[in-house]
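Only one structure is covered here, and it is reproduced in the block below.
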Amino acid sequence: MRVLIAPDKFAGTLTAVQAAEAIAAGWRRHAPDDELDLAPMADGGPGFVDVLHVALGGRLDAVTVGGPHGTPVPAVVLRAGETAYVESAQAVGLHLVSGSPETASSRGVGELVLAAVEGGATTVVVGLGGSGTTDGGAGVLSALGAVADGDLDGGAAGLASVTSVDLSAARARLEGVTLVAASDVDSPLTGLFGAAKTFGPQKGIAEERIAVVDGWLEGFAAATDRRTSLEKGAGAAGGIGYALLALGATREPGIGLVASAVALADRARSADLVVTGEGAFDFSSRAGKVPYGVAAIASEALRPCVALAGQVLVGSREMRALGIESAYSLVELVGEERAFAVPADALADLAARVARTWSR
């Protein structure tokens, strides 16, 4: 039997590569003769560059950029031919926020883009997701040369004084460069479904401050490019998507970009079963997340797809709506303590149990 193993990361415990290896180890325990094809996945968030490096090869160049509050942080630029791939979470990830989320700046992402361009890239793909910023991408624009009558590097709070923004220098710096925003988020920059309202609370912005931050973003959009702020994906990564779109980027779903890079459709057609997974499998997985994307590709290939997850938070009806035949919970099998203490071993145990049901 041929099994395609294509999980996302298990946030906080395993990278996508580690998760794929753990699932494979457990599967072999029960079905050593099965042919396993490992295809770690990502949706543009943490792990985006690592997954693409495994799939594409290329060269990783180490760089140092400013973190959300200006502290230098290490990151990498993946160069594959004339295309460079960078990951927002490496520069301004939620795990790097050490002060007020209202002052967290996205400048480090702009510095990553600049490093890619200065290294000779003619196409720069920016993975969006997992950011700790909600500054509308103002820091990105500043790093690339945009100027304003206020503080573009002061996070969302800095936008309170911004009434005009000039993007001409930033656009000139990127002349001849194709920008791609790899995002799993459809949100606009502002409003009921915007960056502050949708993602602000998980970044630490207090509920009573959401309207204030959204107001700052509204003002920033009015000063920069109001029409673009309404586009799908403008709210991705706290508005980094907006900054990239304002500079002429095209938007591509992260899962689609990675799936294409790893030739997932072809590999699914060659498999008898597709196994995916992520840390928490819930109905938000439909919004461009890895399991839904993998399941859609499996469905097109007429192959069944099952999911392994830290937690399964949907019922069978919702699961089927997501294209998943069955989903299996790590916490239910081994308990929350062991799932976090020895995640690779626990995931291998779960995979062995799933193999008993699905392997021939």
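Assess whether Val294 counts as being modelled with pLDDT under 90 and touching an Asp or Glu at 6+ places or on another chain (Cβ under 9 Å).
So Val294 fails the test.
Determine which member of the set Ser142, Ser100 is closer than 16 Å to Ile240 by Cβ, modelled with pLDDT of 95 or more and of a type in the set (Ser, Thr, Tyr).
Result of the check over Ser142, Ser100: Ser142.
Go through (1) in a helix (DSSP H, G or I); (2) touching a Ser or Thr at 6+ places or on another chain (Cβ under 8 Å); (3) at pLDDT below 95 and name the single condition Gln202 misses.
Failing condition for Gln202: (2).
Here is a check on your reading of the model: is Ile205 in contact with a Gly (Cβ under 7 Å, 6 or more places away or on another chain), more than 30 Å from Arg317 (Cβ to Cβ) and not aromatic (Phe, Trp, Tyr)?
No, not satisfied.
Test Leu152 against the criterion of being more than 23 Å from Val51 (Cβ to Cβ) and in contact (Cβ under 8 Å) with a residue 12 or more places away in the chain, and give yes or no.
Yes; evaluated as a whole, the condition is true for this residue.
It is to be established whether one or more residues within segment 33-40 are out of contact with any Lys or Arg (no Cβ under 8 Å at 6 or more places or on another chain), in a loop (DSSP other than H, G, I, E, B) and buried (at least 20 other Cβ atoms within 10 Å of the Cβ).
yes
How many residues does segment 335-344 contain that are surrounded by 14 or more Cβ atoms within 10 Å (Cβ to Cβ) and either under 20 Å from Trp358 (Cα atoms) or free of Cβ contacts under 8 Å to residues at least 12 places away in the same chain (or both)?
Total meeting the criteria: 2.
For residues that are within 19 Å of Trp358 (Cβ to Cβ) and touching a helix residue (DSSP H, G or I) at 6+ places or on another chain (Cβ under 7 Å), scanning just segment 305-325, find the one that is surrounded by the fewest Cβ atoms within 10 Å (Cβ to Cβ).
The residue in question is Leu322.
For segment 138-161, name all the residues that are under 19 Å from Glu175 (Cα atoms) and not hydrophobic (A, V, I, L, M, F, W, C).
Answer for segment 138-161, where residues must be under 19 Å from Glu175 (Cα atoms) and not hydrophobic (A, V, I, L, M, F, W, C): Ser142, Gly145.
Of the residues that sit in segment 260-283 and are in contact with a strand residue (DSSP E or B) (Cβ under 9 Å, 6 or more places away or on another chain) and acidic (Asp, Glu), which one is nearest to Val54 (Cα to Cα)?
So, considering only residues that are in contact with a strand residue (DSSP E or B) (Cβ under 9 Å, 6 or more places away or on another chain) and acidic (Asp, Glu), the one nearest to Val54 (Cα to Cα) is Glu278.
Quick check on segment 170-198: of everything there that is of a type outside the set (D, E, K, R) and assigned to a helix (DSSP H, G or I), which residue is nearest to Arg226 (Cα to Cα)?
Out of the qualifying residues, it is Ala195.
What is the residue count in segment 152-168 for residues that are touching a Leu at 6+ places or on another chain (Cβ under 8 Å) and not β-branched (Val, Ile, Thr)?
Final tally of qualifying residues: 5.
Test each condition in (1) surrounded by fewer than 16 Cβ atoms within 10 Å (Cβ to Cβ); (2) touching a Gly at 6+ places or on another chain (Cβ under 8 Å) for Val77 and report the one that comes out false.
The number of the failed condition is (1).
Of the conditions (1) under 24 Å from Leu14 (Cβ atoms); (2) over 20 Å from the mean Cα position of the chain (by Cα), Arg209 satisfies every one except a single condition; which number is it?
Result: Arg209 passes all but (1).
Looking at segment 141-174, which of its residues are at positive phi and touching a Lys or Arg at 6+ places or on another chain (Cβ under 6 Å)?
Gly145
Can you tell me which residue among Ala195, Ala170 is touching a residue at least 60 places away in the same chain (Cβ under 8 Å) and either closer than 23 Å to Ala121 by Cβ or of a type in the set (Asp, Glu) (or both)?
Only one candidate passes the filter, namely Ala170.
For segment 240-257, which positions are part of a helix (DSSP H, G or I) and at pLDDT 95 or above?
Within segment 240-257, Ile240, Gly241, Tyr242, Ala243, Leu244, Leu245, Ala246 meet the criteria.
Restricting attention to segment 218-239, which residues are outside any helix (DSSP H, G or I) and in contact with a Pro (Cβ under 9 Å, 6 or more places away or on another chain)?
Leu230, Glu231, Lys232, Gly233, Ala234, Gly235
The values are calculated or read from the model by the stated rules, or taken from the named source; none is laboratory data. Quick caveat: nothing in here was measured; it's all calculated off a predicted structure. Cβ: placed from backbone, ideal geometry, glycine included. Neighbour counts: every protein chain shown.
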